[in-house]
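Structure first, commentary second.
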Amino acid sequence: MTVLTTLDWIMVIAYFSLILGIAWWVIKQSNNTSSEYFLAGRNLGWFIVGASIFASNIGSEHLVGLAGSGATDGVALAHYELHAWCLLVLGWVMAPFYMRSKVFTMPEFLERRFSPTARWVLSLISLVAYVLTKVAVGIFAGGIVFSVLIPEVNFMGLNSFWIGSILVILLTGAYTILGGMRAVAYTEAIQTIILIFGSILVTWYGLDALGGWSELKRIAGSEMFNLWKPLVPEGLEGTWAPVKTDTQMAWYFNSNYPWLSMLFCAPIIGLWYWCTDQYIVQRTLSAANLTEARRGTIAAAFLKLLPVFIFIIPGIICFALASSGKMESISNVLLDESGQVITQNAQQAFPLLVATILPSGVRGLVVAGLLAALMSSLAGVFNASSTLFTMDFYSKFRPNSSEKSLVRIGRIATGIMVIIGLLWIPVIQGSRGLYDYLQGVQSYLAPPIFVVFFFGVFMKRLNAKGALWALAIGFAMGIFRLIVDTPVALSGKTYEPNSFLWIVNNTFFQYYSLLILIVCAVVMIGVSYATPPPSYSKIQGLTFGTLSDIDRAENKASYTRNDVIFSVLVLVLILIAYFYFSG
């Protein structure tokens, strides 16, 4: 069945022409210095910064995974999307330290705060995380979109899934490798507009096909619109106990997203991702100054509130159309014989809506939006990965490298990351679901990074040895869990019940993440206080306790009353969303 019409293809081609045209213009303006290639010359304005942050974040896990979770769990995962407040923490708390230090990468900031060893350890962790999550997941989601929208394509034994994955990689890699950060940022600004507009159209046409908002709530049921109901197990509302006691499965956690883990672990992952991850913070580092950087984060925080309505709600609409029988083509894909949602197929919820409910022409525009999100997310991680490898590894081994050499190595590093990501796709295909996979891996790798950054900024007494031990032990615990989980994800087989490995594998990922967090915090504080304190003169301006009067004055001069008002407005909108979806 051919999903895209001639008019749709015209819209898609027009989109690619626009993006490649902008990328080419940017490439022609570039001067091929390391600052230009990796940080766009440090002169981006707040709108480009904010739009770039949003476009980098809104990628495959939202188009495929988040919409799929909407079809299976309703608004439960809106908790993650309502972490827009974390962007305010970046702008108001962490950005002043980053901008003041004039670093290229987050690991470089750790070198300033702690030691060179801390820098390369974090770089290694970050590169591993990008391979396991952003690169591979982005490629996989591109394949999912193509397999739904162009299912009949087949070339040299490759089906539409693999053709789509490879095409997304090649097109994104082309302008990322050639244009660097400036090409990424400017194309992401355009892609943000296309993505938001296209996703709003999906929600609009979906509600129209269903019969409106009230009909959606009636068919889906109140539980799908309750942020907390899926988190509190049946019969445990009084105690809010997160663990189901059972003689056979004492360690089994009875909810996909228990309230305790969402309350304590999810914010940790959010603060790590939004405030310390190179993938996101690199856009802030590219701002012209602290004022533009902070306003960019505020703008991104407003945009971050949209996914609940343009991705989760479409997922619920897809479920409602399937369960009500109003769209038989969706029902046949999404539901099994008993009428239950097939978790793996739920990942097709968003592209299924695009293929079935949108008129010709509009469908092409929305497909362009889908591709925009996939490409912008991948472009961001390609550039972040090449920056980490080039500035934190290569430049250390070759300190006298020319600017041209640094840019060339950055391009080579991007290509290597793509190949490794392609090899990891089979693991994702065997996982519980795209969004679950992503959150699981991030939950294992985030805690030690969160601890060393936030504890390091707020506690001047903590030293390099404490940071190194926290990173090493936390990283080891995370990798151990991945090693235990991967065979189960690939084969579907489990370990012997009640054995040690079975307990590790069946402990809900967010509880395991909290365990890593506690261990890392104890280790970092314990080792630091058992060893000599750092030289406070060397960490001047890198912690709250070592800020000078000049630093404080410059920070105060970098914002206005309007910046404060808009930040408060973001918080108010988050509270309104929580209130509305808690009934």
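The values are calculated or read from the model by the stated rules, or taken from the named source; none is laboratory data. No experiment lies behind these values; they were computed from the predicted model shown. In this analysis, Cβ positions are derived from the backbone assuming ideal geometry, glycine residues included, and neighbour counts consider all displayed protein chains.
Rundown of residues vs (1) more than 18 Å from Gly173 (Cβ to Cβ); (2) touching a strand residue (DSSP E or B) at 6+ places or on another chain (Cβ under 8 Å); (3) surrounded by 15 or more Cβ atoms within 10 Å (Cβ to Cβ); (4) modelled with pLDDT of 80 or more, yes/no style:
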| site | (1), (2), (3), (4) |
| --- | --- |
| Thr2 | yes, no, no, no |
| Met11 | yes, no, yes, yes |
| Trp24 | no, no, no, no |
| Glu36 | yes, no, yes, no |
| Ala51 | yes, no, yes, yes |
| Ile58 | yes, no, yes, no |
| His62 | yes, no, yes, no |
Is it the case, given these coordinates, that Phe319 is surrounded by 24 or more Cβ atoms within 10 Å (Cβ to Cβ), touching a helix residue (DSSP H, G or I) at 6+ places or on another chain (Cβ under 6 Å), of a type in the set (A, V, I, L, M, F, W, C) and over 19 Å from Leu370 (Cα atoms)? yes
Only unsatisfied item for Glu215, checking (1) under 27 Å from Ile317 (Cα atoms); (2) at pLDDT 80 or above; (3) under 30 Å from the mean Cα position of the chain (by Cα), is (3)
For Arg112, state whether it is buried (at least 24 other Cβ atoms within 10 Å of the Cβ), in a helix (DSSP H, G or I), among the basic types (Lys, Arg) and at pLDDT 85 or above. no
Pick from the range 86-109 the residues that are among the aromatic types (Phe, Trp, Tyr) and within 22 Å of the chain's Cα centre (by Cα): which of them is surrounded by the most Cβ atoms within 10 Å (Cβ to Cβ)? Phe109
Would you confirm whether any residue within the range 257-273 is in a loop (DSSP other than H, G, I, E, B) and modelled with pLDDT under 85? yes
If Asp336 satisfies all but one of (1) modelled with pLDDT of 80 or more; (2) more than 30 Å from Gly45 (Cβ to Cβ); (3) surrounded by fewer than 18 Cβ atoms within 10 Å (Cβ to Cβ); (4) not small (Gly, Ala, Ser), what's the number of the condition it fails? (1)
Looking at the range 475-583, what helices (runs of 4 or more DSSP H) fall wholly within it and have at least 1 residues that are surrounded by 12 or more Cβ atoms within 10 Å (Cβ to Cβ) and touching a Gly at 6+ places or on another chain (Cβ under 7 Å)? 509-530, 549-556
